[in-house]
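If you scroll down you'll find the structure; I have some questions about it.
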Amino acid sequence: MSARHHATDESNASVAGGHRIVVGIDGSAASLAALDWSVRQAELTHADLEVIATWEWPTGFGWSMIPEGYDPASDMMTMVQPLLDGLRTDHPSVAVEAKILEGHPAPVLIRESKGADLLVVGSRGHGEFVGMLIGSTSEHCVANAACPVVVFRGNT
């Protein structure tokens, strides 16, 4: 299965019982650099790679109309599928799975880190303060994940 659109209560452990690296992506350059690093790390450590992308319903003040046919999970999968295809072609020895999950990225990634060997996130943050330097999602993951976390800054 190339993607799972909903979280389940099943164990987050690797299907094969081996090692698992979780990487969160949002389409930003930093997250794509983290994805590239993660697949190479999975290849080196013989781990499975679980790619997590999240989406949230738009929020606003008062009543707002959601366009007919609006499907953010499908839109996210449209962004993720070419990445998965490229990973599977370029790294055939790595088992790659994607989960497209509803929710804010920080708590979703914390939940998905359970049973993982490593959580990898990109950092888009800029600035002098730690929250700005590594970004709020990556900072939340570092502080709360159930496994070691790599905050990948890449060449940004």
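The values are calculated or read from the model by the stated rules, or taken from the named source; none is laboratory data. Quick caveat: nothing in here was measured; it's all calculated off a predicted structure. Neighbour counts are summed over all protein chains in view; Cβ atoms, including those assigned to glycine, are modelled from backbone coordinates with ideal geometry.
Tell me which residues, restricted to the stretch 108-123, are farther than 11 Å from Ile25 by Cα and either at pLDDT below 95 or among the basic types (Lys, Arg) (or both).
Arg111, Lys114 - these are the residues of the stretch 108-123 that are farther than 11 Å from Ile25 by Cα and either at pLDDT below 95 or among the basic types (Lys, Arg) (or both).
Tally the residues that are outside any helix (DSSP H, G or I) and either of a type in the set (Ser, Thr, Tyr) or under 14 Å from the mean Cα position of the chain (by Cα) (or both), restricting the search to the stretch 65-108.
Number of matching residues: 11.
Is it the case that Glu43 is acidic (Asp, Glu), out of contact with any Phe, Trp or Tyr (no Cβ under 6 Å at 6 or more places or on another chain) and modelled with pLDDT of 95 or more?
Yes: the conditions hold for Glu43.
Take the conditions at pLDDT 95 or above, out of contact with any helix residue (DSSP H, G or I) (no Cβ under 8 Å at 6 or more places or on another chain) and surrounded by fewer than 17 Cβ atoms within 10 Å (Cβ to Cβ) and apply them to Gly86. Does it pass?
So Gly86 passes the test.
Within the stretch 124-156, take every residue that is in a loop (DSSP other than H, G, I, E, B) and modelled with pLDDT of 90 or more and give me the one that is surrounded by the most Cβ atoms within 10 Å (Cβ to Cβ).
Applying the filter and picking the extreme gives Ala145.
When the stretch 18-40 is examined, which residues are found to be modelled with pLDDT of 95 or more, within 12 Å of Val150 (Cα to Cα) and not aliphatic (A, V, I, L, M)?
The answer is Gly24, Trp37, Ser38.
Please tell me if Ile100 is within 18 Å of Phe152 (Cα to Cα), surrounded by 13 or more Cβ atoms within 10 Å (Cβ to Cβ) and aliphatic (A, V, I, L, M).
Criteria not met by Ile100.
So which residues in the stretch 104-120 are surrounded by 14 or more Cβ atoms within 10 Å (Cβ to Cβ) and more than 19 Å from Ala42 (Cβ to Cβ), if there are any at all?
Within the stretch 104-120, Pro105, Ala106, Pro107, Val108, Ile110, Arg111 meet the criteria.
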